[in-house]
Amino acid sequence: MQEVAPGVFVATAEPYVTTTTVVAGADGGCLVIDPAVTVAELDAIASWLSARGLRPVAGWSTHPHWDHLLWSRSLGDAPRYATPRAAGVAARELARMAGRVESEAPGHDLALFARVTPLSGEVIGWRGPRAVVLAHDAHAPGHGAVFLPDTGVLVAGDMCSDIEMPLLDTDAADGDPFGGYRHGLGVLAAAAGVRVVVPGHGHPGDAAEFRRRVTADLAYLDAVQAGRNVADERLAAAPQWLLAEHDRQRALGGGEPTSPPSPEQTTG
Ligand SMILES: [Zn+2]
């Protein structure tokens, strides 16, 4: 566990360099965001919490992807929330995502998987630092980052990563995954006073690093959408599955042809 700001702790799981964020609140209560990934890792988080005298009183899932909807008996039975759109998708996709859990992180109690309640309003109601939900539809429908204004920590969900380029919601309901992603980045970038960014996969960064990642993400989107070559350092070290996603996104990019067709081609 790394304390990224007073009372805000980040654990990093091995699969996909996935983070879990814990926010300490009043009377030993804590808010647990996206606990992940394996059964052993969730149990280790629960042990760490009880050793520090912390007890989950609320859970938050940033978005409806299987690795952000996990829970464990050892974390107790606190209410767990997501944005209304995310909770709707989690309910609809429950069976399919439970299959992913079984294949990628077997052994979880599936009766606890993805059991999130839609949060009404934009603030998580709990006795602890104010936790503001920044909702948008980049990466996944109803993606809800959590901003803690007191400490300036932005728990970004699957955005603003140092190891993953933007991953679009290619099934975006409005058919504009690039526009939706840009809008989502804008929502995050507009949060005043971000001092620490915690990505769902990757490593926490400071304010300057947050700005750098937003800029890099926008450059990636522009290049891919225009069909240009992408110079993004995250691709250099990317695993095979991430490169496959990159190729899928490139195929979505309209991209102007590099040179206009010659007369021979058009008439031939
Ligand atoms: Zn995701």
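Every read-out reported here was derived from the displayed coordinates using simple, explicitly stated rules and does not represent laboratory data. Quantities reported herein were computed from a predicted structural model and do not represent experimental measurements. Neighbour counts are summed over all protein chains in view; Cβ atoms, including those assigned to glycine, are modelled from backbone coordinates with ideal geometry.
Tabulated values for the structure
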{"read-out": "Nonlocal amide H pairs with ALA58, under 5 Å, H built at 1.01 Å", "value": "CYS30, VAL32"}
{"read-out": "For ILE163, distant residues with modelled amide H under 5 Å away", "value": "HIS203"}
{"read-out": "Other-chain or far-sequence residues with amide H under 5 Å of GLY157's (modelled H)", "value": "VAL146, GLY200"}
{"read-out": "Spacing of the two label points (7 Å from each Cα toward its C-beta) at LEU110 and SER50, in nm", "value": "2.7"}
{"read-out": "Listed peptides 43-49, 8-14, 73-79 by packing density, highest first (mean Cβ within 10 Å)", "value": "8-14, 43-49, 73-79"}
{"read-out": "Positive-pole candidate from PHE113, ALA207, ALA5, dipole of the chain, charges at beta carbon", "value": "ALA5"}
{"read-out": "Vicinal HN-Hα couplings computed from phi for segment 232-241 (Karplus, 6.51 cos²θ - 1.76 cosθ + 1.60; Hz; Gly/Pro x)", "value": "9, 4, 5, 6, 4, 9, 6, x, 4, 5"}
{"read-out": "Residue-averaged [θ]222 nm for the chain, counting only DSSP H segments that reach four residues, each worth -39500 (n - 2.57)", "value": "-10000 deg cm²/dmol"}
{"read-out": "Among 27-34, 108-115, the order from most to least packed when residues are scored by Cβ within 10 Å on average", "value": "27-34, 108-115"}
{"read-out": "The chain - Kirkwood radius from inverse mean 1/r over Cα pairs (Å)", "value": "19.2"}
{"read-out": "Taking only Cα atoms of segment 65-222, radius of gyration then Dmax in Å", "value": "15.7, 44"}
{"read-out": "Computed FRET value (nearest 0.05) for TRP241 with ARG211, which takes r as the C-beta separation and R₀ as 22 Å", "value": "0.20"}
{"read-out": "Centroid-to-centroid separation of segment 97-162 and segment 1-47 [C-alpha atoms, Å]", "value": "13"}
{"read-out": "Relative contact order, percent, the chain [alpha-carbon distance under 8 Å, six or more residues apart]", "value": "14"}
